[in-house]
Amino acid sequence: MDSLSVHQNNSCIIVFTVERSERVMFTAVCVCVCVCVCVCMCCQAPRMGTLMGVYLPCLQNILGVILFLRMTWMVGIGGVIEAFIIVLMCCSTTMLTAISMSAIATNGVVPAGGSYYMISRSLGPEFGGAVGICFYLGTTFAGAMYILGCIEILLVYIVPQAAVFKMEGLEGAEAEAAMLNNMRVYGTLVLSFMAIVVFVGVKYVNKLALLFLACVICSILAVYAGVIKTAFEPPIFPVCVLGNRTLVWKGFDVCAKVIERENATVTTQLWRLFCDSEFLNATCDSYFVNNNITEIQGIPGVMSENLFGNYMDKGSFIEKVGLPATVEPDSIPTNTNRYVLADITSFFTMLVGIYFPSVTGIMAGSNRSGDLQDAQKSIPIGTILAITTTSIIYMSSVILFGSCIEGTVLRDKFGEAVRGNLVIGTLAWPSPWVIVIGSFFSTCGAGLQSLTGAPRLLQAIARDGIVPFLRVFGHGKANGEPTWALLLTACICESGILIASLDNVAPILSMFFLMCYMFVNLACAVQTLLRTPNWRPRFKFYHWTLSFLGMSLCLSLMFICSWYYAIVAMGIASCIYKYIEFRGAEKEWGDGIRGLSLSAARFALMRLEEGPPHTKNWRPQILVLVSMDSELNVEQPRLLSLTNQLKAGKGLTIVGTALEGTYLENHPQGQQAEQSLKKLMEAEKVKGFCQVVISSNMRDATSHLVQAGGLGGLQHNTVLACWPRNWKHAEDHQSWRNFIGERQKHHFLFKDYSIFSCFPHCFSALQFREQLFTSVRIIENYNVYICISLLYLQHDSDISAYTYEKTLMMEQRSQILKQINLTKTEREREIQSITDSSRGSIRRKNPAAVTTQLSVTEEPAASSKEEKPEEEEQLIHDKSTNPPTPATPQSPSADAETPSTAIQMTWTEAKCDGEQAKPIGATTPEAIKDLFNMKPNQSNLRRMHTALRLNEVIVKKSQEAKLVLLNMPGPPKNRSGEENYMEFMEVLTEGLNRVLLVRGGGREVITIYS
């Protein structure tokens, strides 16, 4: 051999001897690198630039153990094409993430915490805490992966004799278990040593980082130098193949069964491995007897036979394609420890999970933003240049490895076919030991960096106080070093080392890093789409589509690597998110997701304004009107329970109340009332909004609340209110008048609206734009009975004495209340208006006999004949299609009634003739005396009779019902007849436990196509 001699002693230890000229050249390169490192270490300035502060740290964190230990194996298993696709996907993901990260990092200062700080300040503490802890776990498991890589290099390639659990003579599961136990023992020792180093002198770790980086650079340069040399003079690394099965080159020196020595045929050491003796007539393995020995070159030069993948199951032989082999049928393989076997089952998604950690480490520069001269400039340039450099290295490595190294050697993960050499080392120049030593120090340095950075990240999260149970880890030594966080990090890292397999640990940390990168992209996309005022990054080469693409790639790679690991990682993040949401501290950082929700809500509201909603999309959007007591507590708390049941968790709920006074003076009371409403809504589990209106008049305040409630398409279509409890009492006189007045306004000021009302045993409800109940049935199987909406009573039925007495008492009380409440001036005005109304009615009825006086006894008879059908229907059901009834002497304005007023079921002045029959006498002492001798008005008598008969039917059919639903008659248009309206409603619902009165808007919306 011209440049490199390979010798083997009896202990199978390989020693490489480099010729003089090449030794001098290699020494010169190493000296130059060391000098550069020393200069950099001695000349560090307080503030670093792009090269030292961002570019080189990113290179050191990106280039690592996967490149040296698994890249060649990945190319051999997946082929050049699939390996290139994997590298391209992973590098594209990190490049898009770096663009998003550059935009976030240049929008402000990023102190300790890196990605955690960026995400928490952009998406809120919940997302920041969840992703920060995931990033911490990823960094910790990365430390375990680097330590396992370091132990693998030590025990497999440097000093195999140091193994505690010997693997000589073991096969299959026993050999694998011995190897894993060795990894656990040495991994624990190395972890303890590194944790002590970090605890004692972290500043030395930072200074040695450049030395470790120099080892990585030297190793990569050695590989490229070896590729150039291979093109002209390939190195000699023979591979021994039996049949088409690759042999472990261990325990023999010559790749042959027999050799000629002194004109005699003698057996070789390889013969003795498969036969029971050294003689030619010995009994040998059948496969060994039936197949020939072939020696091929591990580094054949430039070739291209590794384009396509060659996935294998665990325990399968690594075979040379194209060589013949003879296998006896039904034969059981023996001496399997002599062959190179696949240690794990390989497939495409597994390769992705193993490879992705090799492209992480892109945030090393952003984590040091406080130490940079110009972080706004250095972070984007240094990070993107580092990713570009490493991407070129990885992509070129895939092509070079596939074209220069034999496929069987590439698929040999531990280099057993090339005398136990590191596979990538066989390509290096001037010696494989350059790669072995360089990769060893590289993994050691990366492990120290992980154990240094992870505790500081945990300390930053703990000091923010967003995760209560982590606050203890925010404390440390007097100089701020995170002692407790380092202890927790070492324990978590030990759990990764106990797994003892680099191939099993790599997918775990891939999940955490991918989740972190995904939320970095999400943060940039959300900030860009929302265009928040504080979003002004100096880095301009970003777009929300790039961030969205990066986020999609991260999510896809998570499930490509391992769908069950992805679900577990997302479950951990979700649990942390919910924990912070319920137990975490409130922060003033803002929440980008809330801003995104605001933008989505605005877009949805604008879409709702494009046209009226279809019947199929109708949802109950309820405005609940409640009142407050003197302590500003809600007087009707159970009303919200009914609301929750009515809308079944769907639709919009607005709980409103009105306070009397001025806004400036009663603003504190308004805030207190709002807090009371929120607490009650939370206790009753009512999802919605609350609103408090302050006005000098309660009636106006309620009217403002109904008119101004809601926003756009989310306006309420239903009002729910409570019926006045003690409306008959004098102290509660104004409350029921406000109640009736509000319903008058709702009907006649807002034609599209309807109202809900409620009283102690009766809840009356009216809906805005659509009629709530149109079909009528009795539900027998439930505790809720929907009663018939229109009851056709017998017209010839006798009016009972109780009805007569009830009507008379109602009219007497109305007259007394009117006398009590009217002043002298109001009484005179009332007399004049009633007199004018009566005269006008007579003139319109009999224009030819204007002076003819109608007897008082004739008027009730006429009205009784013509008004009976209409009055009964108006009391029970709002029949919007009824034609206007003929005018009567008691309703002089009926001829001029418009269709719009005809469809409204109201209580007009014509329904109050009992009060107008004797207007003049009502203001004289004789009239007051005659109150006890008056006869009830026939119209009121018929209405009272109808209400009582309907009440009898309802009580008979639905007395045991938990809830009775009825159509509610409309309120009177004016104040005349308000007392009678309240009395009729009391009679209608007497004896019932709970009643819900419903009144629609008068428009049918249910069709056969709905």
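No other residue among V80, V110, V54 is modelled with pLDDT under 90, closer than 26 Å to G149 by Cα, among the β-branched types (V, I, T) and buried (at least 21 other Cβ atoms within 10 Å of the Cβ) apart from V54. Scanning segment 276-319 for residues that are of a type in the set (S, T, Y) and farther than 30 Å from V75 by Cβ, we see that the one that is nearest to the chain's Cα centre (by Cα) is S286. Starting from segment 801-818, keep only residues that are hydrophobic (A, V, I, L, M, F, W, C), then list their pairs with residues that are at pLDDT 75 or above whose Cβ atoms are within a distance under 6 Å, requiring at least 6 positions of separation or different chains. Correct list of pairs: M810/E983.
Criterion first (surrounded by 14 or more Cβ atoms within 10 Å (Cβ to Cβ), at pLDDT below 85, more than 19 Å from K413 (Cα to Cα) and of a type in the set (S, T, Y)) does S366 satisfy it? So S366 fits the description; yes.
Considering only segment 647-665, I want to know if a residue exists there that is open to solvent by less than 20 Å² (accessible area, probe 1.4 Å), in a helix (DSSP H, G or I) and either in contact with a Pro (Cβ under 6 Å, 6 or more places away or on another chain) or not hydroxyl-bearing (S, T, Y) (or both). Yes, segment 647-665 contains at least one residue that is open to solvent by less than 20 Å² (accessible area, probe 1.4 Å), in a helix (DSSP H, G or I) and either in contact with a Pro (Cβ under 6 Å, 6 or more places away or on another chain) or not hydroxyl-bearing (S, T, Y) (or both).
The residue of segment 138-150 that is farthest from Y116 (Cα to Cα), among those that are in contact with a Leu (Cβ under 9 Å, 6 or more places away or on another chain) and of a type in the set (A, V, I, L, M, F, W, C), is L148. Inside segment 127-176, can you point out the residues that are touching a residue at least 24 places away in the same chain (Cβ under 8 Å), surrounded by fewer than 21 Cβ atoms within 10 Å (Cβ to Cβ) and charged (D, E, K, R)? Once the filter is applied, which keeps residues that are touching a residue at least 24 places away in the same chain (Cβ under 8 Å), surrounded by fewer than 21 Cβ atoms within 10 Å (Cβ to Cβ) and charged (D, E, K, R), segment 127-176 yields E171, E176. Looking only at segment 507-557, filter to residues that are of a type in the set (F, W, Y) and within 10 Å of L96 (Cβ to Cβ); which one of those is least open to solvent (accessible area, probe 1.4 Å)? Across segment 507-557, the extreme among qualifying residues is Y517.
Of the residues screened, R471 is not one that is closer than 30 Å to S219 by Cβ, modelled with pLDDT under 90, surrounded by fewer than 24 Cβ atoms within 10 Å (Cβ to Cβ) and not polar (S, T, N, Q).
The conditions of being closer than 27 Å to M395 by Cβ, open to solvent by 10 Å² or more (accessible area, probe 1.4 Å), not in a strand (DSSP E or B) and not small (G, A, S) are met by F212. Would you confirm, using the coordinates I've provided, whether L711 is buried (at least 17 other Cβ atoms within 10 Å of the Cβ) and either out of contact with any strand residue (DSSP E or B) (no Cβ under 8 Å at 6 or more places or on another chain) or farther than 22 Å from L598 by Cα (or both)? The answer is no for L711. Looking at I572, is it surrounded by 15 or more Cβ atoms within 10 Å (Cβ to Cβ), within 17 Å of the chain's Cα centre (by Cα) and under 28 Å from M95 (Cα atoms)? Criteria met by I572.
Total residues in segment 274-313 satisfying the condition of being within 28 Å of T345 (Cβ to Cβ), among the polar types (S, T, N, Q) and either surrounded by 17 or more Cβ atoms within 10 Å (Cβ to Cβ) or in contact with a strand residue (DSSP E or B) (Cβ under 7 Å, 6 or more places away or on another chain) (or both): the figure is 4. Against the condition on the phi < 0 side of the Ramachandran plot and not polar (S, T, N, Q), how does G187 come out, does it pass? Judged against the criteria, G187 is a match. For A485, the requirement of being under 28 Å from the mean Cα position of the chain (by Cα), open to solvent by less than 30 Å² (accessible area, probe 1.4 Å), within 27 Å of E581 (Cα to Cα) and small (G, A, S) is not met. Close Cβ contacts (under 8 Å, 6 or more residues apart or on different chains) running from residues in segment 613-632 that are within 18 Å of Q672 (Cβ to Cβ) to residues that are hydroxyl-bearing (S, T, Y) and modelled with pLDDT of 85 or more comprise V626/T657; S627/T657; M628/T657; M628/S676; L632/S676.
Checked against (1) part of a helix (DSSP H, G or I); (2) in contact (Cβ under 8 Å) with a residue 12 or more places away in the chain, T545 passes all but a single condition, namely (2).
If you check G226, G201, G187 for being open to solvent by less than 20 Å² (accessible area, probe 1.4 Å) and out of contact with any helix residue (DSSP H, G or I) (no Cβ under 9 Å at 6 or more places or on another chain), only one passes: G201. Going by the conditions given, is A500 touching a Lys or Arg at 6+ places or on another chain (Cβ under 8 Å), more than 23 Å from L63 (Cα to Cα) and crowded, with 20+ Cβ neighbours inside 10 Å? Judged against the criteria, A500 is not a match.
Residues that are part of a helix (DSSP H, G or I) and in contact with a Cys (Cβ under 8 Å, 6 or more places away or on another chain) were ranked within segment 622-644; the one that is modelled with the highest pLDDT is L639.
Across segment 227-248, which residue is nearest to N290 (Cα to Cα) among those that are modelled with pLDDT of 90 or more and not in a strand (DSSP E or B)? Among them, the one singled out is G243.
This table checks each residue for (1) surrounded by 22 or more Cβ atoms within 10 Å (Cβ to Cβ); (2) over 30 Å from L247 (Cα atoms); (3) of a type in the set (V, I, T).
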| site | (1), (2), (3) |
| --- | --- |
| V409 | yes, no, yes |
| G425 | yes, no, no |
| A428 | yes, no, no |
| A446 | yes, yes, no |
| L457 | yes, yes, no |
| A460 | no, yes, no |
| G465 | no, yes, no |
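Taking the conditions (1) touching a residue at least 60 places away in the same chain (Cβ under 8 Å); (2) crowded, with 16+ Cβ neighbours inside 10 Å; (3) under 20 Å from S495 (Cα atoms) in turn, N182 satisfies each one other than (1).
The values are calculated or read from the model by the stated rules, or taken from the named source; none is laboratory data. Keep in mind that what you see is a predicted model, and the values were worked out from it rather than measured. We place every Cβ from the backbone using ideal geometry, glycine too, and count neighbours over all the protein chains shown. Accessible surface is based on the protein model in full, side chains and every heavy atom, while ligands, DNA and RNA are left aside. Shrake-Rupley method; radii C 1.70, N 1.55, O 1.52, S 1.80 Å.
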